[in-house]
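Written below as structure tokens is the structure these notes are about.
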Protein chains: 4
Amino acid sequence: MAEKHYENAMKALHECMEACNYCFDSCLKEDDVKMMAGCIRLDRECADMCGYLEAAISRNSPYISELASVCAKICDDCAEECAKHDHDHCQKCAEACRKCAEECRKIA
Amino acid sequence: MAEKHYENAMKALHECMEACNYCFDSCLKEDDVKMMAGCIRLDRECADMCGYLEAAISRNSPYISELASVCAKICDDCAEECAKHDHDHCQKCAEACRKCAEECRKIA
Amino acid sequence: MAEKHYENAMKALHECMEACNYCFDSCLKEDDVKMMAGCIRLDRECADMCGYLEAAISRNSPYISELASVCAKICDDCAEECAKHDHDHCQKCAEACRKCAEECRKIA
Amino acid sequence: MAEKHYENAMKALHECMEACNYCFDSCLKEDDVKMMAGCIRLDRECADMCGYLEAAISRNSPYISELASVCAKICDDCAEECAKHDHDHCQKCAEACRKCAEECRKIA
């Protein structure tokens, strides 16, 4: 429903929200949860912001650009943290975050 | 990323969130906004709840069933209100809400 | 629970979220809803962002500063729009938004 | 701004949201994060739902009762989990959750 202009961003945001929340859940089930603490924290930050921005875009918010700029930063940080861990859910999350950061910068 | 079991629900929730927020934005631009007041209110309720449930499913929340039950009710009400209006955005929103209500009941 | 440093901001954000949502509800019940369309839209934007930032502060988010900067801008815009209308709920909302914008700038 | 009827619930929800998010942050900093995994998960569930219900009450949502019923259940579970741990943040969170569950049941 969102304008064509935002189609790629909407897709990337949605996949990033899902990947971050899946990673959050998976990190909490790992043997070494302590090692994943930074990842758990950033997964929540990133999933929440991506979900927030998705909703903002779909309601034609006047603040898409400002929110996308913050979201890109959060995605960058989450990608960097997740990339440190070998778990499949972390590697996939890092990849989703990188793509999303890129799309966010295009609309920021 | 969400489990197979929830795939249809995730898709329906996402489309419903987008349709409701698009309808919210469009209703605010109509000539007769007063006639759309009920629609505007329910569009926000429904979009917010669908977005909330999407996030809950993707983080493997223990409360998917309870939330889906509330969401189905909100979708039903929003579908009923939107169906009263001829605007294309309302008719499409009603359809998205009906599908979403159905999927929510399957996972409730 | 949030650190002392954020106490005033938390209070202002909470009061602003409540004032904006009360104004949203009240605008939808006014006789001339069309005149309130801009207010309704910004009330939602502002209430959602204030609620988001409150939660972010309380979980010690690393992004409080960036989010507060966006929130200040949204509060400014909502204050400006609400101030145009004589309704008591709009005037009170404008005042809550102005206070909140000020507190947000302190932590941005 | 919310109606008198909901004043106690609003206060309890807000304190519970803050206590849960503070506990979430504190659990992630504990030595034994693994032992806190259940707490971390429920803190997020509970904080998010309390914040959602606060917003719903303040916008005069037609679904306060249904949401309060789900929120009471989540608060009960979070109180039970937090009560198992001796950390001050867990004990305070358990207390806030118990109070909030009680207030939610009054408006459910």
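None of the figures in this text is laboratory data; all of them are computed from the coordinates on show. Model, not experiment: these values are computed from the prediction. Glycine also receives a Cβ, built like all others from the backbone with ideal geometry; neighbour counts cover every protein chain displayed.
A few comments on the model shown:
- Identity and axial distance of the chain A residue whose Cβ lies nearest the axis relating A to D, Å: A:Val33, 2
- P(r), alpha carbons of the protein assembly as shown - 20 Å bins starting at zero, rounded %: 27, 63, 9
- The Cα-based radius of gyration of segment C:1-80, divided by its Kirkwood radius, gives an Rg/Rh of 1.04.
- Measuring nothing but how far apart in sequence close Cα pairs (under 8 Å, 6+ apart) lie, relative to its length, chain B scores a relative contact order of 35 percent.
- A simple rule links phi to the HN-Hα coupling: the Karplus curve 6.51 cos²θ - 1.76 cosθ + 1.60 with θ = phi - 60°, which for segment B:32-44 gives 9, 5, 4, 5, 9, 4, x, 5, 4, 4, 6, 4, 5 Hz, with x for Gly and Pro.
- Segment B:76-83 - phi-based ³J(HN,Hα) in whole Hz, Karplus 6.51/-1.76/1.60, Gly and Pro as x: 4, 5, 5, 4, 5, 5, 5, 4
- Furthest towards positive pole of dipole, A:His14, A:Leu42, A:Ala68, structure part chain A, Cβ charges: A:Ala68
- Take each residue in C:43-50, count the other chain C-beta atoms within 10 Å of its C-beta, and the mean is 4.
- Copies compared at A:Ala83 - label distances in nm, ascending, label defined 7 Å from Cα in the Cβ direction: 4.5, 4.6, 5.1
- Site pair B:Gln91 and D:Asp88 shows an inter-label distance of 6.3 nm when each label is modelled 7 Å from Cα along Cα→Cβ.
- Placing a label point 7 Å from Cα along the Cα-to-Cβ axis, D:Lys4 is separated from the same position in the other copies by 3.8, 5.7, 5.7 nm, shortest listed first.
- Exam field: B:Pro62 pseudo-label spacings to other copies (7 Å along Cα-Cβ), nanometres: 2.9, 3.3, 4.4
- Note, ³J(HN,Hα) from phi for segment D:12-21, Karplus 6.51, -1.76, 1.60, rounded to Hz, x at Gly and Pro: 5, 5, 5, 5, 5, 4, 5, 5, 5, 5
- C-alpha center-to-center spacing [segment A:35-108, segment D:44-64] in angstrom: 24 Å
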